[in-house]
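Structure record follows, encoded as structure tokens.
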Amino acid sequence: MTRRIIDARLHLLSRQVLDVDGEPVTTVEDLELRGADGGDVVAGEPAHVAAILSGPVLVTRILGGRPPQSRWERIAWSAVSHLGTVVELDVEASTLDVDWPERWLREHVVRRIPGGQHDPEGES
Amino acid sequence: MILGDLLDAHVVTHDGEELGRVVDLRLSLEVLEEGDGSGGGPDEAEPGGPDEREHGSGDADDQGDDGDTPLVAQTHRSHAVGSADVVGLLVSPHTGGSFLGFERRGVRSPWVVAALVRWRHRGTFLVAWHDVERISPGLVHLVPGFEKLDPTLDEGEDA
Amino acid sequence: MKKLLGVALGILTAIGGFVDIGDLVTNAVVGARFGFSLVWVVAVGVIGICLFAEMSGRVAAVSGRATFEIIRERLGPRAGGANLVASFAINLLTLTAEIGGIALALHLASSVEPRLWMPVAALAVWLVLWRVKFSIMENVVGLMGLLLIGFAVALFLLGPDWSQVAREITQPAVPEGEHPAAYWYYAVALFGAAMTPYEVFFFSSGAVEEKWTAKSLGQNRLNVFTGFPLGGLLSVAIAGCAAVVLLPHGIEVSTLSQIVLPVAQAGGTLLLAVVIVGIVAATFGAALETALSSGYTLAQYLGWSWGKFRRPAQAARFHVTMMIALLLAVAILMTSVDPVAVTEFSVVFSAVALPLTYIPILVVANDPDYMGARVNGRVANTLGSVYLGIVLVAALAAIPLMIATGAGS
């Protein structure tokens, strides 16, 4: 097994996240770190990346502070399949909680406008 | 804990002496073998592995087509990954800003920007995670006798 | 014909950047006040935009990442966010001006009150965004915008003293009676128009829309080196017409009909009609470019799905963003502001957006993770660094010059 050394800010933060079909999901707004046993991080003890965070945590990264844990929108690190210039997941966007604003607008606004389902690359 | 808690935090010695600020978190990423055993990172010798996924379409996989196979192979480094473990913190004495990628050994162009970024981050060092003693909000304490390591990022197995 | 259509992306991008309604007016004003003495700025701007658009297109082709994705990735949420706010403001102000401009041009052709045309123009733009395939959009609008070539034809028909013109171009001087600050204000405005950031947002996103790959690098260069010089040529032709006809009579340009006056004088009604169609198409094209750019920038900053190649339902937030931008543009116009005056405020936002756009492009075009062997060569890096310096100087100088000259007046 090989390992690759990366820097979190350079290689992960603000990168585009794509789902298993290559559809954009979000950007990496922050990372959740956990200790070896899945508990809280203890300084100096082994720690790893447990989840990609998105959503409200962007606002606090710009303005400072941090949102309460109950408002973190997580994508488990175990769902990450590939890492290159983008972060690729092995699940579909529709199965992720972080995708709710897209789904809400799709169902309540865009689909209701005539032509919202029209495939622009298709015939006619 | 989230990464945002660490970035820009002040780093002090055990005795409280200010050393700088956290500018990045270094991770060790597990790279998995893929089906045909090409997980070790694509290079020229290994064109068109399963790694060359490009924007969700197969358009890029055109090896053999007008001879640009090596190009495609070189330009898309994507690894099947497992766990990402914390290795250490990058501490910069002068600024909390980003390194813009110029901490990597092979990246030195354009030199004006590279020189400027490296000058702003002069004196930056890597401190191993096991040398971190205590973390309080906005403050990282290091153990007595911590070691300042070379911050340069060698590009993993490419070295 | 196929080859010609292959460069439509570059042509449409350049038309939106060089000859949108704000630039039409600026170019004519420049010609009427400064003659050919600012042509060198257009040349400097054309080289700059070619350089950075080529990089942005190359990054998009090789890595599949459009420009605002790399801005967000490399600058992070704060500096990237500052750029987003500034760029979105430029997009919105330009979009507002273009919707107003389409209405003004249609008013010129129909004499129906422009305010009645505004919602019609906005609706037409939205229908194209909503429904029309990207390639059809760029081909039709790009080719029709080329009718602005009528200005170049008019300039030849007017037959100025070419040796005199050449002297003015190669030995530029501030004309008598003009303050140097006004000269430099227009120099910065022309440079900013040539390098306006939505060109690279649109161009790189268009490359993704067209599904470019590393094989498309030749197409990238062809688009860049055809489109932008052509845009610069149109811009100079418009200024030239004004310099030949309006400058000697001391006519100050304030309306669209004054801009096309030299064309009517040189080529009669037929050429005038051609040019008016060109203006409508160019303005419409710029409206599409800025409306799409508002969607591209926000979606790419936040990681949403985007693009006209997707069904609208598959890029819901992207399409809603563009609808809101269009509604805001119409709302701003309904306050009876002068649509062209609106674009003058873009200069302020450009001071933020220009450096924060071109620095990350230059950095990522050198990043082997993205580019592999296709990183910048030495020439691109040397020129890119020089232009970064020019961009910084122009950005710093823009606001003081604007205040000192009262926006050039």
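With respect to the conditions (1) within 9 Å of chain B (Cβ to nearest Cβ); (2) open to solvent by less than 20 Å² (accessible area, probe 1.4 Å); (3) touching a Lys or Arg at 6+ places or on another chain (Cβ under 8 Å); (4) not in a strand (DSSP E or B), A:T60 falls short on a single one, namely (2). Within the stretch A:14-25, can one find any residue that is farther than 19 Å from A:V98 by Cα, β-branched (V, I, T) and at pLDDT below 95? So far as the stretch A:14-25 goes, no, none of its residues is farther than 19 Å from A:V98 by Cα, β-branched (V, I, T) and at pLDDT below 95. In summary, A:R74 fulfils each of the numbered conditions (1) open to solvent by 20 Å² or more (accessible area, probe 1.4 Å); (2) more than 11 Å from chain B (Cβ to nearest Cβ); (3) in contact with an Asp or Glu (Cβ under 8 Å, 6 or more places away or on another chain) with the single exception of condition (2).
The set of residues in the stretch B:103-119 being open to solvent by 60 Å² or more (accessible area, probe 1.4 Å) and more than 8 Å from chain C (Cβ to nearest Cβ) consists of B:R105, B:R108, B:L116, B:R118, B:W119. Total residues in the stretch C:350-409 satisfying the condition of being surrounded by fewer than 19 Cβ atoms within 10 Å (Cβ to Cβ), among the hydroxyl-bearing types (S, T, Y) and at pLDDT 90 or above: the figure is 2. For the residues C:A154, C:A189, C:A124, C:A194, the requirement of being more than 30 Å from C:F52 (Cα to Cα) and out of contact with any Cys (no Cβ under 6 Å at 6 or more places or on another chain) singles out C:A124. In the stretch C:362-377, the residues that are without any contact (Cβ under 8 Å) to a residue 60 or more places away in the chain reach residues that are polar (S, T, N, Q) with C-beta atoms within less than 8 angstrom, at least six apart or across chains, in these pairs: C:N366/B:S109; C:N366/C:N376; C:N366/C:N381; C:D369/A:T85; C:A373/B:Q74; C:A373/B:T75; C:V375/B:S109; C:V375/C:N366. Taking helices (runs of 4 or more DSSP H) as the structural unit, those lying wholly within the stretch C:126-216 and holding at least 3 residues that are more than 24 Å from the chain's Cα centre (by Cα) correspond to C:149-158, C:162-170. Considering only residues of the stretch A:71-94 that are out of contact with any strand residue (DSSP E or B) (no Cβ under 8 Å at 6 or more places or on another chain) and at pLDDT below 90, which is nearest to A:S54 (Cα to Cα)? By that ranking, first place goes to A:R71. The residues listed here are C:P400, C:P355, C:P368; of these, the one that is more than 21 Å from C:V85 (Cβ to Cβ) and within 14 Å of chain B (Cβ to nearest Cβ) is C:P368. Per the conditions (1) modelled with pLDDT under 50; (2) within 11 Å of chain A (Cβ to nearest Cβ), the sole criterion not satisfied by B:G64 is (2).
Scanning the stretch A:23-41 for residues that are part of a loop (DSSP other than H, G, I, E, B) and free of Cβ contacts under 8 Å to residues at least 40 places away in the same chain, we see that the one that is farthest from the other protein chains (Cβ to nearest Cβ) is A:D37.
If we keep just the residues of the stretch C:178-216 that are open to solvent by 40 Å² or more (accessible area, probe 1.4 Å) and in contact with a helix residue (DSSP H, G or I) (Cβ under 9 Å, 6 or more places away or on another chain), which is nearest to C:A398 (Cα to Cα)? Result: C:W184. Within the stretch A:78-111, if we keep just the residues that are in a loop (DSSP other than H, G, I, E, B), open to solvent by less than 50 Å² (accessible area, probe 1.4 Å) and farther than 16 Å from A:E29 by Cα, the residue that is nearest to the other protein chains (Cβ to nearest Cβ) turns out to be A:G84. Taking C:S63 as meeting all but one of (1) surrounded by 24 or more Cβ atoms within 10 Å (Cβ to Cβ); (2) within 30 Å of C:P172 (Cβ to Cβ), write down the number of the exception. Result: C:S63 passes all but (2). Scanning for something within 16 Å of C:C241 (Cβ to Cβ), open to solvent by 10 Å² or more (accessible area, probe 1.4 Å) and of a type in the set (D, E, K, R), does the stretch C:39-57 turn up at least one residue? There is no residue in the stretch C:39-57 that is within 16 Å of C:C241 (Cβ to Cβ), open to solvent by 10 Å² or more (accessible area, probe 1.4 Å) and of a type in the set (D, E, K, R). Of the helices (runs of 4 or more DSSP H) that lie entirely inside the stretch C:328-409, those containing 3 or more residues that are in contact with a Pro (Cβ under 7 Å, 6 or more places away or on another chain) span C:346-364, C:378-405.
The values are calculated or read from the model by the stated rules, or taken from the named source; none is laboratory data. All values derive from a computational prediction rather than experimental measurement. So basically every Cβ, Gly included, is an ideal-geometry build from the backbone, and we count neighbours across all protein chains shown. Quick note on the areas: whole protein, heavy atoms, side chains included, nothing else; ligands and nucleic acids left out. Shrake-Rupley method; radii C 1.70, N 1.55, O 1.52, S 1.80 Å.
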